[in-house]
Every structure is written in structure tokens, then in C-alpha cells.
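Step one of this worksheet: look at the structure below.
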Amino acid sequence: MTPERRLHTDTDDGMLLIISGPSGVGKTTITRGVERAISDSVFSVSATTRDKTDADVEGVDYRFVSDERFDELVESDALLEWAGVFGRRYGTPRAWVDEQLARGRLVILEIDVEGAKQVKARMPDAFGLFVLPPSEDVLLERLRSRRRESEELIQKRFSEAKREIREAHECGAYDAFVTNDDLDRAIGEALEHVRTARGRRRGESVS
Ligand code: ADP
Ligand code: 5GP
């Protein structure tokens, strides 16, 4: 075991929670529900090179950066993980995550499957949760309901979603799968998984 892992998860309550799922499945909605229910949870604001939409708040949803700035973050190893999604790059700031974990917080990463695999390889104690749509039709409906992009982009996200769901089942990065049909039930299930995993870790760290 590396000293990094000991610091993060074995001596305190800090836990990394990865929440993934296809675009439009309800990750952000579920994440906000988890944040409201768990008082010491914090959301990791990713850096991205994608364009800001009217629905995005700088520093709350993302830190919007140039390609050059993202290159610098990668080169200086400032990112815990990063991946290219729909031709744009997204990454998790490592120093902030480390600091929050050391304070014993539940740190929520809303990241894609590629990123989840990188995090699990570096920090196997991270808990991976993948959100599934009740059906493909419902997913398409939700993507449209966000009213934030063209039909062409929606179709692109929809076909990527189907590939991502297959990959999530096969890659081994996820500890639990939650179907987002009824929202309150999905948030309840997510909370149960998180509390159980955290409780188990606490039990292990005192034994
Ligand atoms: P993601 O973050 O995965 O892209 P969002 O959280 O933005 O998805 O949700 C996409 C859309 O689906 C939003 O309009 C949201 O209000 C809606 N939504 C989320 N969960 C549910 C649900 N269980 N039932 C119906 N609509 C939902
Ligand atoms: P969106 O542009 O819809 O906000 O996000 C598109 C995709 O990028 C989603 O699947 C989301 O989970 C993923 N994503 C957001 N931030 C990060 C990140 O920091 N790292 C990785 N690997 N994926 C991210």
C-alpha cells in the first residue's frame, strides 16, 4: 500500500465517490441530492475546455479553461485524472481533492468512465457508482428536456451513452449501479450505498 492511499482513506472518514452515467441520465440531479443529504460532502469542480453554456456557472459547475491552460494542468500533473469527452477535455484537480479527503470529507467526482478507471487504478478505495437510465427512450427524452444543445449533438451524446453503459459493466470500475427511474428512490439508493461503504471503511480503519 502506498503512503498516498493510507493518508486518504485508512486514517479518516475521507472517501472519494465517483458518479458516472451517460449524459442526461440524471447524474447532476442525483449528485445535488447526495450533497444535500450528506453534510460533509463536497463536489469537485472539474476543469474543462468545453464551451460554457447559459446553464453553466463558472467555478460552480466547471472551471472553463483554454486548451493551453489544460495542457499546463496535464504537464504539471495537477490533475488526478482527465479524459477527452465529445472532443473536449475534462479533468479533476488533484490538490483540492487531496485536501478535502485529508479533512475527512466525502468528495464527489462526476466524471466519465475513462476518468473513473484512472481514479480506481490510483485509489482503489474510491467508490464507483454508475447511474443507468430506465430505458433508452427515457434517456433520449431527458437529453432533449435539458434544452441546451442541438438535436445533432443530442444524437451524438445518445449513441455515446449506449457505448458507455456497455463499457461501465465490463470495466470493473463500478461498485454499484443505480437505475434513475423515480428520482427520490434513486437518490435514496445512492445514499444507502455511500453510507454502507463509508461505514465499512470506518469499521476497517479502527480494527
Ligand atoms: P446529467 O447530469 O446526467 O447530464 P441531469 O441531472 O442534468 O443529467 O438530468 C437531465 C434531465 O433529466 C434534467 O432535465 C433533469 O431534471 C431530468 N431528470 C433527472 N432525473 C430524473 C428522473 N428520475 N425523472 C425524470 N426526470 C429526471
Ligand atoms: P457535460 O459536458 O455534459 O457537463 O459533461 C460531459 C461528460 O464529461 C459527462 O459524462 C461528465 O461526467 C464528464 N466529466 C465531467 N467532468 C469530468 C472530469 O473532470 N473528468 C472526466 N474524466 N470526465 C468528466
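The values are calculated or read from the model by the stated rules, or taken from the named source; none is laboratory data. This one's a predicted model, so the numbers in the text were calculated from it and none came from an experiment. Here the Cβ positions follow ideal geometry from the backbone for every residue, glycine too, while neighbour counts run over all protein chains shown.
Quick notes
- Selection of first residues in the stretch 12-24 that are among the hydroxyl-bearing types (S, T, Y) and of second residues that are within 13 Å of ligand 2 (Cβ to nearest atom) and in a strand (DSSP E or B), restricted to Cβ pairs under 6 Å at least 6 apart or on distinct chains, gives the following pairs, ordered by first then second residue: S20/F130.
- Failed condition for D175, given (1) over 21 Å from T28 (Cβ atoms); (2) away from ligand 2 (no atom under 16 Å from the Cβ); (3) under 17 Å from the mean Cα position of the chain (by Cα): (1)
- Restricting the stretch 19-44 to residues that are in contact with a helix residue (DSSP H, G or I) (Cβ under 8 Å, 6 or more places away or on another chain) and assigned to a loop (DSSP other than H, G, I, E, B) leaves a set whose member that is nearest to ligand 2 (Cβ to nearest atom) is S23.
- Those helices (runs of 4 or more DSSP H) lying entirely in the stretch 58-156 with at least 1 residues within 12 Å of ligand 2 (Cβ to nearest atom), at pLDDT 95 or above and within 18 Å of I18 (Cβ to Cβ): 94-102, 113-122
- Search result, residues across the stretch 47-57 that are touching a helix residue (DSSP H, G or I) at 6+ places or on another chain (Cβ under 9 Å) and either over 19 Å from Q118 (Cβ atoms) or more than 9 Å from ligand 2 (Cβ to nearest atom) (or both): T49
- Taken together, R142, R202 contain a single residue that is in contact (Cβ under 8 Å) with a residue 24 or more places away in the chain, out of contact with any strand residue (DSSP E or B) (no Cβ under 9 Å at 6 or more places or on another chain) and over 30 Å from A78 (Cα atoms), which is R142.
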